[in-house]
Amino acid sequence: MEIQFIGAAQTVTGSQHLLYINGKKILLDCGLYQGKRKKAFEINRTFKYSPSEIDVLLLSHAHIDHSGKIPGMIKNGFNGPIYTTAATVDLCQIMLRDSAHLQERDIYVVNKIRKKQHKNPFEPLYDFDDVEKAMDQFIGVQYSRPIEVAPGVMATYWDAGHILGSAGILLEINENGKKYRIGFSGDIGRSNMPIIRNPNVLRDLDLLIMESTYGNRLHAVAAEVEEEVATTVKSVVERGGKIIIPSFAVGRTQLLVYMLHKLFDQNRIPVLPIYVDSPLAVEATKIYQTHPECYDRETYRIFIQNNEDPFGFGRLTYIKNVEQSKELNDKPEPCIIISASGMAEGGRVLHHLANNIENKKNLILFVGYAAAHTLARKIIDGETEINIFGEPHKVNAEVKSMDYFSAHADQAELLNYPRLNDKNRLKNIFLVHGEEEQALPLKEKLVQKGFKNVDFPASGEKFVI
Ligand SMILES: [Zn+2]
């Protein structure tokens, strides 16, 4: 048996790991690389393996840095099954379509420039047809039910508590009479987060491939964050301001809506209108509504038991069309507007920022990771003037950033993940999905705890097991 690390190797995005078992090639995840444009363009256009030779794809969850390269694989000849949870199949449906739309839009801009330079146009990475073909190859599986995915390879999907449908994958392998248990953590969620269940940990492993996104830091505690959100909302309403929240459409938006609904029901925030203004977030929320099998006990106790929809309540309006979105600009009263994109690099949130960032009564609240050079990062870092659609805007509004809403385990939770494993049996831990800055401190702490052979493999590195 061999394992080769292809993507999310010494970096955070582009998750892809290749297993060679019983003469078959099994790919874990097939995600898009996200980073500087030119590099991303190259990496996402090429494959370090031949897609037509891959026998089966096992997908941990729907985030685009784990699933976004799948239609490209199909376009390049992959015709095997894609096993993932039923909720992930549904989320991929909308997220891959959205990604195809973005690919076509991006390539249009690139080709306009190439035309001026008298160069041949590029094809988009993939289009809607490729997404439709890809969806035919998806097979939805249930949590905790083993399924044979290749000869001698049983896969079980365990809830990873990261986003709806996310899973850590346990592989039980029989190769020439030798038995192995391999764990792929996918992205690990946080304990005690609303909506979805706590992460299951993978146990009794011989080898673990584990994410390390927040391997170097600790997050805030849930109860304190609810209080902070409530206090923040109250003070902005008292001064007559609006709250603009740039938010990722899938996962983060639903978490915010859930928390605001709960605070509102408990009279901990004043009565005010709340808008979710993002077509993808609206679609994603519908999928959250159709998969109650993924909810945790708290969600059942507070909402489902009382016949309440956690993602819909009187004060909340979902906005799909552009006209309604524009109408929000003219509303003078305090309100909360949740809109994509999370890093304020595109999407309708740019209009809301342009309209509201100059008023000192307003609050711009960031709830996610903001990469270097993004508009979100510039605002968080305190730039006093920013450009939106080429126009300068003074940053007079209050700016706040809360990392609690992160869907990733922190260092303490990651260190706890392999706790149900025998340190002699677990021969290797491979840290993926992290930069050096995050993975190396985690590696050091795992070694201190007594785990052996903790590696941080580079892209292309291959190990014989
Ligand atoms: Zn993820």
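The values are calculated or read from the model by the stated rules, or taken from the named source; none is laboratory data. Keep in mind the model is a prediction, meaning the values are calculated, not measured. As a convention, Cβ positions derive from the backbone with ideal geometry for all residues, glycine included, and neighbour counts pool all protein chains shown. Remember, those area values only see protein heavy atoms, side chains included, never the ligands or the DNA or RNA. Shrake-Rupley method; radii C 1.70, N 1.55, O 1.52, S 1.80 Å.
Give the peptides 323-335, 274-286 in descending order of average Cβ contacts within 10 Å, highest first.
274-286, 323-335
For the chain, what D do you get in µm² per second when you plug the Kirkwood radius from alpha-carbon pairs into Stokes-Einstein at 25 °C and 0.890 mPa s? Numbers along the way, then the final one.
Details: Rh = 23.1 Å.
Stokes-Einstein gives a translational diffusion coefficient of 106 µm²/s.
Do any of Lys75/Lys115; Lys24/Lys69; Lys36/Lys360; Lys242/Lys320; Lys24/Lys449; Lys38/Lys119 go past 23 Å between their Cα atoms, and which?
Lys75/Lys115; Lys36/Lys360; Lys24/Lys449
Please calculate how many Å² of accessible area the chain carries per residue, with a 1.4 Å probe and no DNA, RNA or ligand atoms counted.
It amounts to 43 Å² per residue over the chain.
Assuming R0 = 30 Å, what is the FRET efficiency of Glu238 and Glu327, from their Cβ-Cβ distance, to the nearest 0.05?
0.75
Taking the alpha-carbon centroid of each part, what is the distance from segment 111-169 to segment 286-302 in angstrom?
Comparing the Cα centres of segment 111-169 and segment 286-302, I get a distance of 24 Å.
How large is the Kirkwood hydrodynamic radius of segment 1-157, counting all unique pairs of alpha carbons, in Å?
One decimal place: 16.1 Å for the Kirkwood radius.
In percent, how large is the relative contact order of the chain, given Cα pairs closer than 8 Å and 6 or more residues apart?
18 percent
I'd like the FRET efficiency for Lys112 and Lys38, computed as 1/(1 + (r/R0)^6) with the beta carbon distance as r and R0 of 25 Å, rounded to 0.05.
So, using R0 = 25 Å, E works out to roughly 0.90.
May I ask you to order 122-132, 371-381, 34-44 by the average number of other C-beta atoms within 10 Å around their residues, highest value first?
Values: 122-132: 17.8, 371-381: 16.0, 34-44: 14.0.
Most protected by this proxy first, the peptides run 122-132, 371-381, 34-44.
Counting pairs of alpha carbon atoms under 8 Å apart in space and at least six apart in sequence, what relative contact order in percent does segment 48-139 give? Please report the intermediate quantities before stating the final value.
Details: 114 pairs, mean separation 32.7, N = 92.
Relative contact order of segment 48-139: 36 percent.
For Ala222, put the label point 7 Å out on the Cα→Cβ axis and report which residues of segment 411-446 keep their amide N under 19 Å from it.
Of the residues in segment 411-446, 411-417 have backbone N under 19 Å from the label point off Ala222.
Could you give the length gained on full extension between Arg301 and Asn359, defined as 0.36 nm per residue of separation minus the Cα-Cα distance, in nm? Mind dumping the intermediate values first?
Working: separation 58, 0.36 × 58 = 20.88 nm, distance 4.01 nm.
So the chain would gain 16.9 nm between Arg301 and Asn359.
How many percent of the accessible area of segment 355-465 is carbon or sulfur, using a 1.4 Å probe? Spell out each step's value before the answer.
Working: 2530 of 5530 Å².
Heavy-atom surface of segment 355-465 belonging to carbon and sulfur, 1.4 Å probe: 46 percent.
Name the long-range amide H neighbours of Ala370: under 5 Å, sequence gap of 5 or more, or other chain; modelled H, no Pro or chain starts.
Distant-sequence amide H within range of Ala370: zero hits.
How high is the FRET efficiency from Asn192 to Lys119, r the C-beta distance, R0 45 Å, rounded to 0.05?
Between Asn192 and Lys119 the formula returns 0.25.
Which of the peptides 190-196, 254-260 is most tightly packed, and how do the rest follow, judged by the mean count of other Cβ atoms within 10 Å per residue?
By packing density, highest mean first, the sequence is 254-260, 190-196.
How far, in nm, would the chain grow between Thr384 and Glu308 when pulled straight, counting 0.36 nm per residue and subtracting the alpha carbon separation?
Value of the extension gain: 23.1 nm.
What is the Cα radius of gyration of segment 222-405 over 2.2 N^0.38 Å, N being its residue count?
Details: Rg = 15.9 Å, N = 184, 2.2 N^0.38 = 16.0 Å.
Compared with the compact-globule rule of thumb, segment 222-405 sits at 1.00.
Evaluate the Debye formula for segment 126-204 with equal point scatterers sitting on the alpha carbons, no solvent, and hand back log10 of I(q)/I(0) at q = 0.20 Å⁻¹, in q order, two decimals.
For segment 126-204, the Cα-only Debye profile gives -0.92.
Kindly flag which residue pairs out of Lys25/Lys178; Lys286/Lys331; Lys326/Lys378 have an alpha-carbon separation exceeding 22 Å in this structure.
Lys286/Lys331; Lys326/Lys378
Per the Debye formula with a single identical scatterer at each Cα and no solvent contribution, what log10 I(q)/I(0) holds for segment 265-329 at q = 0.19 Å⁻¹?
-0.87
Quickly estimate the mean residue ellipticity at 222 nm for the chain, helices only: each DSSP H run with n ≥ 4 gives -39500 (n - 2.57), and the total goes over all residues, rounded to 500.
Mean residue ellipticity, 222 nm, calculated: -9500 deg cm²/dmol.
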